[in-house]
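Quick notes on the structure that follows.
The values are calculated or read from the model by the stated rules, or taken from the named source; none is laboratory data. Source: prediction; values computed, not measured. Cβ sites come from the backbone with ideal geometry, for glycine too, and all protein chains shown count toward neighbours. Keep in mind that these areas ignore ligands, DNA and RNA; they rest on the heavy atoms of the full protein, side chains included. Shrake-Rupley method; radii C 1.70, N 1.55, O 1.52, S 1.80 Å.
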Amino acid sequence: MATASNTPHARILIIEDDPPIAALLEFMLNREGLQVIMAADGNQAQSLIATLPQPPDLVLLDLMLPFIDGFELLDQIHNNPAWRGIPAVVLSAKSQEQDIVRAFNLGAADYVVKPFQTNELIARIRHQLTRRRS
Amino acid sequence: MEFVALSDPSVRLAFWLGASSVTITLILIFRVVMLRLFLLRRERHSSQFTERWQPPLLRCIMGDHVEFPTLHANDEMDLIYLAVHFHETLRGDAKDRINQALQILELGPRLRSILQDGSLDERLAAATALGHMQDHLSWDVLKSLLNDGSSALSVIAARSLVLIDAEAASTLVIPVIISRRDWPTPKLVTMIKESAVLQQEFLQQVARDIQHRQPYLPRMMRLVEAIRPNQPLPFIRDLLNISDDAELISAGLRLTRDPEDLDLIRGRADDRHLAVQVQVASALGRLGTEADVPRLIALLNSREWWVRYRAAQSLINLPFLGRDSITQIIGETNDPFARDMLKQVLAETVTP
Amino acid sequence: MISWHDIIIISQWFFLIYFLAINSCYLMLNIFSTLYVRSYMPGKTLEELPQIYSGLELPISILVPAYNEEKSIASSIQSMLQLNYPLFEIIVINDESTDGTLRELIEKFSLVPFPEAYRAHLKTAAILGIYCSTRHPNLRVIDKRNGGKADALNAGINAARYPLFCAVDADSVLQRTSLQRIVRPFLEDHRVVAAGGTIRVGNGCKISGGFLQEIRLPSNPLALLQVVEYLRAFLFGRLGWSYIGGLLIISGAFGLFRKETVIAVGGYHIDTVGEDMELVLRIHRVLRKNKKAYRMVFLPDPVAWTEVPEDFRSLMNQRARWQRGLSESLIGNIGLLFSRNGGAPGWIAFPFMILFEWLGPVIEVSGYILMITLYWLGLLSVTAFLVFIFAAIGLSLLASFSSLLLEEVSFHMYKRPRHLALIMVTVIIENFGFRQLNSIWRLYGLIQWMVYRKRNWGAMKRKEHWEKG
């Protein structure tokens with residue numbers, strides 16, 4: 001069985017536009033020994049999806065982002081052959097049923113509503129990573 | 001002919017007019033420049049602040065032991081804004097640790113004084129922080145702020161009271177929800193949804209208001225709809241039974257989720273208000289049985305577009321009615337409007 | 001016997017008092033705007049905090065009338081589809097474009113004919129077909145016979161499903177949050193029937209994918225002058241009017257309306273070149289006459305960026321057209337003026353419009369002509385001449401700089417100090433030529449209106465409905 005220690009160099013793409021929250025997520029995941037790539041808005045995320053030589057192991061994204069929103073990004077990830085299958089975890093203040101359903105329909109692997117609990121988020125990310133390895 | 005010269009009163013007036021406006025303009029330019037300089041200084045300061053304070057605060061949130069730097073007076077507000085930012089995004093242990101940090105830095109008394117003497121922006125932040133800290137010492141001040149002239153401040157005070165002690169706050173806040181029509185609905189809805197206790201108390205209040213047919217019921221019903229409570233609402237039955245108001249009945253119909261209410265819904269199918277019929281058509285789509293198909297077909301012949309539209313949607317989405325039956329209905333109907341509508345909704349359901 | 005001298009003195013006093021009056025009004029508006037911004041801005045910082053979204057927003061139909069827009073229509077619509085709003089639909093109305101607008105739409109959005117059960121609340125030119133996108137269920141296109149922009153908007157209103165509609169120019173650049181912001185007054189007060197937001201000059205800004213990426217200043221001097229004009233017109237003109245409930249203009253480039261109300265007053269009028277202003281005035285007039293409680297609100301938040309003309313000829317045509325539109329709107333709704341239940345719109349804003357906006361160019365231009373003539377005839381000393389010019393420029397500087405101050409305390413959109421400096425210089429420069437030129441253009445528009453008013457010039461006008469701005 002794959003465990004957390006099997007994924008020491010997992011790379012996570014964090015797409016979050018709110019600077020303190022982005023800093024928190026970056027710190028939180030670095031502390032877990034994960035490698036982090038940051039994108040501060042939809043445009044940056046889009047160009048990373050297009051240009052990163054190797055896709056990350058997981059994408060953690062907000063839905064309300066400047067320029068291109070998270071739903072559109074989920075769609076792009078899903079339609080990019082190299083990125084398809086990479087788990088995308090949504091972290092959003094949108095808590096309505098329709099938004100959550102829409103995110104899953106677009107291929108999200110998990111959905112965490114803000115305000116969130118840090119350890120829960122870490123556990124969910126770990127879970128996605130181990131599922132992918134196994 | 002004389003010359004119009006400087007001595008002329010009109011020229012003198014013009015001169016003073018020009019002179020005074022140029023003087024004021026110069027003052028304005030000075031203000032604009034000062035504001036800009038102030039802004040640049042503040043931006044510089046806030047980036048320094050972030051550099052100094054964000055890392056220890058992040059470590060603290062994640063449960064590491066940290067020594068905080070000394071808190072300078074001009075960093076206080078920045079720290080409060082940052083803490084509130086995290087308060088609003090986190091819950092559980094992480095949020096408790098922010099509160100611990102604020103305690104260690106002894107910000108409680110400072111926040112309470114800002115709540116009373118700060119600028120409006122500062123008071124809003126202080127009220128929010130104190131609520132998240134569940135600071136009982138600020139209860140009385142927050143309570144008095146319920147009647148503050150600023151709607152933004154009073155609604156935030158209400159929410160903080162609820163965060164501190166939902167039970168005690170409910171009895172204070174609900175009457176104000178009723179009386180203060182200036183409270184922005186989105187904020188109000190967020191506040192009610194956030195607290196299960198307040199939500200229960202609020203729904204009970206609505207149930208009582210229905211019994212007493214309070215004049216402010218329409219607004220309360222709009223709130224109930226916005227909250228979308230995830231529970232049966234027995235008062236909807238009372239509302240449908242006793243009310244004659246089209247707006248209230250429409251709201252009630254939109255909230256029906258219980259098959260036991262079917263007869264009440266059916267009873268409104270011939271309502272003289274088309275707005276009510278629209279809701280009947282929708283509600284029958286949610287709860288209706290095979291017995292309601294003729295009723296929906298009748299609504300499909302309505303002269304109002306929305307009644308036809310909802311009736312068509314309901315018919316097409318009824319789980320027990322197949323495509324063939326819909327095609328049959330299209331074939332049998334004589335009303336071209338009803339036929340067009342069914343065709344439109346069919347097209348809508350086919351295209352993703 | 002009245003001497004020449006008396007006439008000169010009287011006319012001087014007339015112009016002086018006129019200038020004094022118009023500028024006192026501006027000053028009052030400025031004070032109102034400041035009060036408004038003060039009551040509006042606090043809480044902004046907290047507004048930026050992460051929020052739990054209530055999902056209470058009212059659904060909105062976005063109406064995009066289009067005439068010969070094949071080059072830009074696809075990217076405009078693509079960006080509108082990206083708006084940050086829970087529930088909205090986009091209805092593009094193709095007003096029988098002679099280029100490939102419709103083909104472009106069909107290809108880019110995979111449109112298929114759609115059997116819409118279309119309702120004709122408002123009479124419009126014939127509908128040729130309705131299409132629906134297979135990729136975006138909330139996008140529909142109406143293809144209709146040519147009838148002008150107002151007629152296209154009416155067709156859009158007929159097809160709109162939602163209680164609010166937002167009229168948007170096909171070339172407006174929006175912010176993702178535009179709808180979210182502009183809908184707020186409707187959520188907070190259900191008497192609100194219309195809301196407008198600040199329109200800014202998009203020339204020079206960095207735009208990608210239909211969205212504004214970075215706010216910059218245009219390099220074209222004419223566009224730069226208009227940056228200042230727009231700042232002044234929106235930030236304290238409309239803001240001040242909104243404060244006292246006398247808002248008479250909501251720009252056609254981006255405005256949100258309650259559909260029910262617009263249908264009740266008869267929709268857009270197709271026989272005016274200023275359909276946006278005419279509609280707002282008519283809503284005021286009709287609702288006031290029927291003693292309905294309503295509100296129209298102006299938000300200081302910038303919601304749309306528009307491309308302004310960069311050459312004299314187009315700018316002149318635009319201004320002349322605006323003045324004609326203003327004339328038609330004011331005369332068409334003259335019933336609002338001093339009407340019994342007129343309130344702020346009928347008793348304050350309407351008279352102001354007539355006196356200062358409508359007749360303003362006449363008085364300003366004749367004032368300049370008088371000064372120059374007197375000076376040429378040697379009836380006015382050099383000093384007096386300069387003093388009058390000094391007063392006029394001083395007052396207008398005051399107005400411009402107070403709006404700049406307002407911009408600085410509220411949005412300070414132009415982040416770079418260099419940009420701020422450039423705007424300040426422009427504010428000063430515009431007084432030497434541009435403002436006078438603008439008055440002349442508007443006077444020209446007024447003359448056009450008087451000359452053409454009696455003639456039938458439908459064909460010419462129809463084309464004009466589609467001119468930008």
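Scaled against the 2.2 N^0.38 Å expected of a compact globular protein of N residues, the Cα radius of gyration of chain C reads 1.00. Going from the chain on its own to the full set of protein chains, the range C:62-99 has these residues losing 10 Å² or more of accessible surface (heavy atoms, 1.4 Å probe, no ligands, DNA or RNA): C:GLN82, C:ASN84, C:PRO86. Inter-label distance, C:ARG145 to C:ALA264: 3.2 nm, where each label sits 7 Å from its Cα along the C-beta direction. Counting only protein heavy atoms and a probe of 1.4 Å, the accessible surface of chain B is 53% carbon and sulfur. Put simply, chains C and B cover up around 5400 Å² of each other's accessible surface, both sides summed, when a 1.4 Å probe is used. Of the DSSP beta bridges with both residues in the range A:4-133, give the percent that are antiparallel, rounding to the nearest 5. Antiparallel bridges: around 0 percent, rounded to the nearest 5.
Starting from one equal scatterer on each C-alpha and no solvent at all, send me the Debye-based log10 I(q)/I(0) for the range C:231-368 at q = 0.16, 0.17, 0.18 Å⁻¹, two decimals. After summing over all Cα pairs, the log10 values are -0.90, -1.02, -1.14. Residue by residue along B:78-89, Cβ atoms of other protein chains within 10 Å of the local Cβ number 4 on average.
What are the semi-axes of the equivalent ellipsoid for the range C:340-395, taken as the square roots of 5 times the Cα gyration tensor eigenvalues, largest first, in whole Å?
On the way: eigenvalues 225, 28, 9 Å².
Semi-axis lengths for the range C:340-395 are 34, 12, 7 Å.
Taking label points 7 Å from Cα along the Cα-to-Cβ direction, C:LYS108 and C:ARG418 give a separation of 3.3 nm. Kindly provide the pair-distance distribution of the range C:158-271 built from C-alpha pairs, with 10 Å bins from 0 and whole-percent values in order of increasing distance. Going out from 0 Å in 10 Å bins, the range C:158-271 shows 12, 39, 34, 15, 1 percent.
For the pairing of chain B with chain A, what total accessible surface becomes buried, with a 1.4 angstrom probe, in square angstrom to the nearest 100? Could the numbers behind the result be given before it?
On the way: alone 20200 and 6950 Å², together 25590 Å².
What B and A bury together is about 1600 Å².
Rounded to the nearest 0.05, what FRET efficiency do B:HIS273 and C:ARG191 give with R0 = 25 Å and r taken as the Cβ-Cβ distance? Could you check? Please report the intermediate quantities before stating the final value.
On the way: r = 21 Å, r/R0 = 0.84.
FRET efficiency, B:HIS273 to C:ARG191: 0.75.
Please give the calculated 222 nm ellipticity per residue for chain B, where each DSSP H segment of at least 4 residues contributes -39500 (n - 2.57) and the sum is spread over every residue; nearest 500 deg cm²/dmol? Please report the intermediate quantities before stating the final value.
Details: 19 runs with 257 residues, N = 352.
The helix-only estimate for chain B comes to -23500 deg cm²/dmol at 222 nm.
Approximating the spin labels as points 7 Å out from Cα along Cα→Cβ, the B:ASP245-to-B:ARG42 distance works out to 4.4 nm.
Largest GNM mean-square fluctuation across B:TRP305, B:TRP139, B:TRP16, computed for chain B with C-alpha springs under 10 Å, falls on B:TRP16. With R₀ fixed at 51 Å, the C-beta to C-beta distance from B:ALA291 to B:ILE178 puts the FRET efficiency at about 0.80. Taking every protein chain into account, the accessible area of the range B:231-293 amounts to 46 square angstrom per residue (probe 1.4 Å). Simple rule: put +1 on each Lys or Arg Cβ and -1 on each Asp or Glu Cβ in the range B:132-214, find the dipole, and look at B:ILE210, B:VAL197, B:ILE177; the Cα lying farthest toward the positive end is B:ILE210. Going from the chain on its own to the full set of protein chains, the range B:310-344 has these residues losing 50 Å² or more of accessible surface (heavy atoms, 1.4 Å probe, no ligands, DNA or RNA): B:GLN344.
The calculated pair-distance distribution of the range A:4-133 uses every alpha carbon pair, bins of 10 angstrom beginning at 0, and gives 13, 50, 34, 3 percent. Accessible surface ranking for B:ILE177, B:ILE330, 1.4 angstrom probe, highest first: B:ILE330, B:ILE177.
Projection of the Cα convex hull of the range A:22-96, averaged over all directions and equal to a quarter of that hull's surface, yields 5.2 nm².
For C:ILE369 and A:HIS78, FRET efficiency with R0 = 60 Å and r from the beta-carbon atoms, rounded to 0.05? Mind showing how you got there, number by number?
Working: r = 68 Å, r/R0 = 1.14.
In this case the efficiency is close to 0.30.
Semi-axes of the equivalent ellipsoid of chain B: what are they in whole Å, largest first, if each equals the square root of 5 times a C-alpha gyration tensor eigenvalue?
Result for chain B: semi-axes of 54, 35, 23 Å.
Antiparallel as a % of all DSSP beta bridges within chain C, to the nearest 5? Looking only at bridges with both residues in chain C, the antiparallel portion is about 45 percent. Working from the Cα coordinates of the range B:159-280, the gyration tensor eigenvalues give, after taking √(5λ), semi-axes of 28, 14, 12 Å in decreasing order. Taking the DSSP beta bridges with both ends in the protein assembly as shown, the antiparallel portion is around 30 percent. Applying a threshold of 20 Å to the alpha-carbon distances of C:LYS71/C:LYS149; A:LYS114/B:LYS187; C:LYS71/C:LYS259 flags C:LYS71/C:LYS259 as lying beyond it. Using alpha carbons only, the radius of gyration of the range B:95-161 set against its Kirkwood radius gives Rg/Rh = 0.95.
With every protein chain present, what is the per residue accessible area of the range C:57-344 (1.4 Å probe, Å²)?
On the way: 9380 Å² over 288 residues.
In whole numbers, the range C:57-344 has 33 Å² accessible per residue.
Using a probe radius of 1.4 angstrom, the carbon and sulfur fraction of the accessible surface of the range A:4-133 is 49%.
Listed by chain and number, the aspartates and glutamates whose C-alpha is less than 19 Å from the C-alpha of C:LYS108, apart from same-chain residues fewer than 8 away, are A:GLU72, A:ASP75, C:GLU69, C:GLU70, C:GLU89, C:ASP95, C:GLU96, C:ASP99, C:ASP143, C:ASP171. Taking the protein assembly as shown on its own, what percent of its Cα-Cα pair distances exceed 54 Å? For the protein assembly as shown, the fraction of Cα-Cα distances above 54 Å is 21 percent.
For chain C, give the percent of accessible area contributed by carbon and sulfur heavy atoms, probe 1.4 Å, rounded to a whole number. Each step should come with its number before you reach the end.
Details: 11300 of 18310 Å².
Roughly 62 percent of what the probe reaches on chain C is carbon or sulfur.
Please check the range C:385-411 for residues whose accessible area, probe 1.4 Å, is lower by 50 Å² or more when all protein chains are in place than in their chain alone. For the range C:385-411, once contacts with the other chains are taken into account, C:VAL387, C:PHE390, C:LEU398, C:PHE401, C:LEU405, C:GLU408 lose 50 Å² or more.
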